[in-house]
Each structure stands twice: as C-alpha cells, then as structure tokens.
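Asker: Here it is, the structure in full.
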Amino acid sequence: MKKTLYTLFLAFAVSVASAQDINKIITKDYVDHLIKTLSSDEMQGRRTFTPGIDKAASFIEGEFKQIGLKPLEGASGYRQTFYKYQFKPVSAKVTIDGQVVPAENIVVVGHNNEQLSFDQTNSDGFIKLDPSKDFITQYRGLARSGKKQLVLVNINFVDAFNRLKGQVGRAVDEKDLNPAKPGAIVFVLDKDTVAKDFKVELKNEIVKMPLFNVAGIIPGKSKAKELVIFSGHYDHMGIVKAKDGDSIMNGADDDASGTSAMIALAKYYKKLNNNERTLIFVAFTAEEIGGFGARYFSQQLNPDDVVAMFNIEMIGKDSKFGKNTAFITGYDKSDFGQILQKNLAGTEFTFHPDPYIKENLFYRSDNATLAALGVPAHTISTDKIDVDPYYHQLTDEYKTLDVENILSTIKAIAKSAVSIVKGIDTPTRIPKLGQR
C-alpha cells in the first residue's frame with residue numbers, strides 16, 4: 001500500500017514538475033518571437049530559390065545552435081543541401097502560317113532540353129483547347145503527355161493563361177535533364193487555327209539550384225537507433241502581384257506556425273534531456289512546389305528506423321472542434337493518435353480524426369513520403385481548410401493568428417509524445433503503398 005501511494009505521489013510530482021517546466025520553456029514570448037520573425041516581410045514570403053528562404057534557413061539554424069541541437073550524423077552543419085535543376089527560358093519563337101507569335105502570348109511546359117525545334121512534320125501536331133471545358137483539367141492532361149505539341153488557347157482563357165505564365169520555371173532532378181524523347185507543350189494564346197504550317201524554336205538555360213532542409217538532433221540514450229521526427233515546412237509562396245498595397249505571401253499560419261512549434265519542441269526536449277530515442281527536428285523546404293524537401297530527407301533514412309513522425313502544419317487558429325483541440329491526418333491508419341490521446345488523459349486537450357477526408361490531407365503534406373514507406377507519419381493541424389479565408393492568400397499574416405491556440409497545441413504535442421520519446425510506446429506501422 002505504501003509503495004502504491006509512493007508511486008502515485010512520485011508520478012504526480014513528476015507531472016507537476018513537467019507542467020512547470022513546459023510553461024517556463026515554451027512561453028508566449030518565445031513562440032511569438034519565432035512566428036513573427038519567420039512571417040516577417042524581411043523573409044519575403046520564404047519562396048524556394050529566393051534570398052528570403054535563405055534568410056529563414058539562417059534564422060532556424062541560429063535557433064538550433066542556441067538550443068544546442070547536433071547536426072545530422074555526418075553533417076558539418078544544420079543545412080541538408082540538395083539540388084534541383086531549373087529551366088530558365090532564353091527564347092521561345094513560334095511561327096504560324098508565316099507570322100511570328102508575340103512572346104507574351106507563348107507559354108512553354110515540359111521542355112527539359114537546352115534546345116528543341118519542331119514543326120507539323122516531326123511532332124504531334126496542334127490541337128485547340130475546348131473553351132467550354134475547364135482550363136486546368138485540360139492543361140494537366142497535356143502537361144503530363146510528354147508530347148511535342150502546339151496548343152491553341154482561346155482568348156476566353158486569358159486569365160488562366162497569364163497565371164500559367166507566372167508559374168513557369170519548374171525544378172527537376174538531374175536524371176530528368178535531356179530525356180531520350182524530348183517533349184514540349186507550347187501554349188499559344190489568341191490563335192484559332194493553323195492553316196498551313198507552324199514552327200517552334202525553343203532555347204533554355206539550365207541552372208543548378210540549391211535547396212536545403214534545416215535539421216538537428218538530440219541523440220537518444222538507450223534506444224538511439226530508433227528515430228522520432230518532429231517537422232514543419234518553412235517555405236511559402238514568396239512575392240506576388242500586389243493587392244491593396246501588399247505583395248508578400250507571409251505564410252504566418254502556413255507554415256510559420258508549424259515550424260515555430262517544431263523549434264519550440266526542440267527547445268523543450270533538449271531542456272528535459274530524458275529522451276531514450278533519438279529525436280530529429282527538421283524544417284522542410286519546397287513543400288509548396290512539390291514536397292521536394294521531405295522527399296529528399298526521407299531518402300536519406302532507413303524508414304524502418306523511424307518510430308513516428310509528428311508533422312505540424314497550420315496550428316494558428318481554433319479547429320472545428322473548438323478550443324484545446326487539433327486533428328490528426330490518417331488517424332485510422334495507425335494507433336499514433338490513440339497513444340497521444342492516452343498521454344493527455346486528465347488534460348483539457350483532445351486530438352480528433354481528420355474531418356476533411358475529401359481533401360486527402362494525409363497524402364498532401366510532408367508526412368506523406370514516410371507514410372507511404374510504412375512509417376506512422378502523421379500531420380497535426382487545426383486549420384479549417386474548407387473555409388479558411390487566409391489559406392494561400394496575402395492575408396495569411398501574424399495578426400490573423402491565435403497565439404494562445406498555438407501555445408496550447410505545442411504543449412499538447414509535447415505532453416502527448418512523451419511515451420514515444422521515452423521509448424515506452426511504439427505506434428503501429430502504416431501499410432506501405434502497394435501493400436494495401
């Protein structure tokens with residue numbers, strides 16, 4: 001009886017001490033500092049391949065160093081650098097029936113060579129977009145075709161055409177350069193038909209572009225080979241066409257909030273210094289343009305070594321379940337969520353299954369690559385993504401956030417992860433893609 005009482009008292013004392021620690025370590029001022037800095041105009045919207053994302057990476061590096069994280073094994077610093085190759089158009093000349101098309105009426109997609117020329121005799125010819133159908137649906141089918149083709153675009157599609165024009169300059173891997181069967185889809189605005197012939201002459205400059213995740217670790221004690229990952233993506237959408245005097249996509253909720261949570265958790269667990277498993281904290285790049293950062297990071301690991309992944313995305317506002325709540329994507333795919341909720345017994349906070357199944361969020365965020373490899377990798381969020389007026393808008397700024405909501409969510413993650421961090425609980429694996 002005495003032993004039982006003593007055990008209960010000790011557990012209560014540890015719980016109280018932990019609560020005191022967390023409130024001292026994860027403070028409003030600290031989280032405010034992180035989010036305000038990452039979402040400031042100085043970061044220029046943190047777009048991949050811009051000076052703004054380099055500034056953001058340097059800031060995160062500084063925080064990791066101050067916390068005392070170690071670089072990944074074999075790395076000399078916190079940046080995990082890799083490369084993509086970007087095509088920058090040098091020239092695109094299109095001649096139709098002897099007339100040169102104005103450059104502003106041309107968009108080229110899928111051209112992975114430095115030079116390419118084709119006409120009606122050695123290509124897939126020309127087609128016209130159907131003005132009665134959706135532009136994006138027709139565009140996607142063509143962009144993936146691998147053909148050499150001229151596409152005539154009705155003037156009714158001028159707005160969609162101009163948006164497409166602003167998105168060119170895609171990034172690819174080295175293996176995708178100069179394919180054996182070169183292709184290019186060339187969209188031409190305001191041309192109805194080709195009466196006799198056409199000719200397309202394209203030139204690209206291929207530029208090697210660095211990308212970098214920012215990652216640090218707290219080595220585990222007794223189970224160092226078992227990995228627990230905490231992550232958020234730190235890129236956003238950069239500088240765009242001004243609206244109401246503002247042109248910077250600050251991305252305060254998406255995902256300065258999640259990245260700040262990841263950093264705050266690193267500070268918390270480093271102070272506690274009681275993790276039996278190795279903890280990796282990583283800010284991913286290039287989520288907004290294809291999840292390149294998370295994909296590269298995942299390729300550097302043995303997925304069998306990863307016990308769990310806590311990916312944190314958009315926790316800046318109350319969830320649809322009310323205060324002190326968040327949802328977990330892929331809740332039914334492992335017992336990850338059940339473990340987290342068990343560890344929050346007696347608290348006000350509750351985790352819920354993802355209510356936005358139609359949005360396919362589980363495979364849209366940076367948890368997706370590891371989840372596909374069988375890791376219980378889940379995203380934690382509070383965003384009402386179906387009605388969020390700030391999502392991917394210029395108005396996603398610090399002033400729209402509820403910092404108290406962010407604080408409560410970070411602390412809930414910190415408490416709920418404790419048994420996984422200490423090696424007590426191991427979430428069940430997710431069936432690998434292809435094995436379902």
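The values are calculated or read from the model by the stated rules, or taken from the named source; none is laboratory data. Not measured: the values here are computed from a predicted model. Because the Cβ atoms are built from the backbone with ideal geometry, glycine has one as well, and the counts that use them run over all protein chains shown. The protein model used for the area step is the full one, side chains on, heavy atoms only, and it has no ligands, DNA or RNA in it. Shrake-Rupley method; radii C 1.70, N 1.55, O 1.52, S 1.80 Å.
Asker: Would a scan of region 351-359 turn up a residue that is in a helix (DSSP H, G or I), under 30 Å from Ala242 (Cβ atoms), within 22 Å of the chain's Cα centre (by Cα) and not aromatic (Phe, Trp, Tyr)?
Answerer: Scanning region 351-359 turns up at least one residue that is in a helix (DSSP H, G or I), under 30 Å from Ala242 (Cβ atoms), within 22 Å of the chain's Cα centre (by Cα) and not aromatic (Phe, Trp, Tyr).
Asker: May I ask you to say which residue of Val282, Val240 is of a type in the set (Val, Ile, Thr) and within 19 Å of His33 (Cα to Cα)?
Answerer: Val282
Asker: Hey, among Val94, Val100, Val90, which residue is buried (at least 19 other Cβ atoms within 10 Å of the Cβ) and among the aliphatic types (A, V, I, L, M)?
Answerer: None of the other options fit; the residue is Val94.
Asker: Tally time: how many residues in region 172-207 are out of contact with any Ser or Thr (no Cβ under 9 Å at 6 or more places or on another chain), in a loop (DSSP other than H, G, I, E, B) and either farther than 21 Å from Ala143 by Cβ or touching a residue at least 60 places away in the same chain (Cβ under 8 Å) (or both)?
Answerer: Matching residues across region 172-207 total 12.
Asker: Is there a residue in region 218-237 that is in contact with a Leu (Cβ under 8 Å, 6 or more places away or on another chain), farther than 20 Å from Lys147 by Cβ and of a type in the set (Asp, Glu)? Break it down stepwise before answering.
Answerer: We begin by selecting, within region 218-237, every residue in contact with a Leu (Cβ under 8 Å, 6 or more places away or on another chain); these are 218, 220, 227-230, 234.
Among the residues that remain, those that are also farther than 20 Å from Lys147 by Cβ are: 218, 220, 227-230, 234.
Those still in the list that are of a type in the set (Asp, Glu) too: none.
Among the residues of region 218-237, not one is in contact with a Leu (Cβ under 8 Å, 6 or more places away or on another chain), farther than 20 Å from Lys147 by Cβ and of a type in the set (Asp, Glu), which makes the answer no.
Asker: While we're looking at this one, here's another question. Taking the residues in region 341-397 that are of a type in the set (A, V, I, L, M) and open to solvent by 60 Å² or more (accessible area, probe 1.4 Å) as candidates, determine which candidate is farthest from Asp41 (Cα to Cα).
Answerer: Among them, the one singled out is Ala345.
Asker: Taking the condition among the basic types (Lys, Arg), open to solvent by 40 Å² or more (accessible area, probe 1.4 Å), at pLDDT 95 or above and part of a strand (DSSP E or B), does Lys225 pass?
Answerer: yes
Yes/no per residue for (1) outside any helix (DSSP H, G or I); (2) at pLDDT below 95; (3) in contact with a helix residue (DSSP H, G or I) (Cβ under 6 Å, 6 or more places away or on another chain); (4) among the aromatic types (Phe, Trp, Tyr):
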{"site": "Gly346", "(1), (2), (3), (4)": "yes, yes, no, no"}
{"site": "Ser365", "(1), (2), (3), (4)": "yes, yes, no, no"}
{"site": "Ile410", "(1), (2), (3), (4)": "no, no, yes, no"}
{"site": "Ile420", "(1), (2), (3), (4)": "no, no, no, no"}
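Asker: Quickly run through region 31-86 and pick out the residues that are assigned to a loop (DSSP other than H, G, I, E, B), more than 17 Å from the chain's Cα centre (by Cα) and either under 22 Å from Tyr269 (Cα atoms) or modelled with pLDDT under 95 (or both).
Answerer: Within region 31-86, Gly68, Leu69, Pro71, Leu72, Glu73, Gly74, Ala75, Ser76, Gly77, Tyr78 meet the criteria.
Asker: Let me ask something additional. Scan region 55-79 and report the pairs whose first residue is aliphatic (A, V, I, L, M) and whose second residue is at pLDDT 95 or above and open to solvent by 30 Å² or more (accessible area, probe 1.4 Å), with Cβ atoms within less than 6 Å and a gap of 6+ or a chain change.
Answerer: From region 55-79, the pairs are Ile67/Lys267; Ile67/Lys270.
Asker: Oh, and also: Among the residues of region 128-153, which ones are in contact with a strand residue (DSSP E or B) (Cβ under 6 Å, 6 or more places away or on another chain) and either open to solvent by 40 Å² or more (accessible area, probe 1.4 Å) or in a loop (DSSP other than H, G, I, E, B) (or both)?
Answerer: Lys128, Leu129, Lys148 - these are the residues of region 128-153 that are in contact with a strand residue (DSSP E or B) (Cβ under 6 Å, 6 or more places away or on another chain) and either open to solvent by 40 Å² or more (accessible area, probe 1.4 Å) or in a loop (DSSP other than H, G, I, E, B) (or both).
Asker: Can you pull out every residue in region 253-311 that is out of contact with any strand residue (DSSP E or B) (no Cβ under 6 Å at 6 or more places or on another chain), under 18 Å from Ile22 (Cα atoms) and either at pLDDT below 95 or open to solvent by 10 Å² or more (accessible area, probe 1.4 Å) (or both)?
Answerer: Lys267, Lys271, Leu272, Asn273, Asn274
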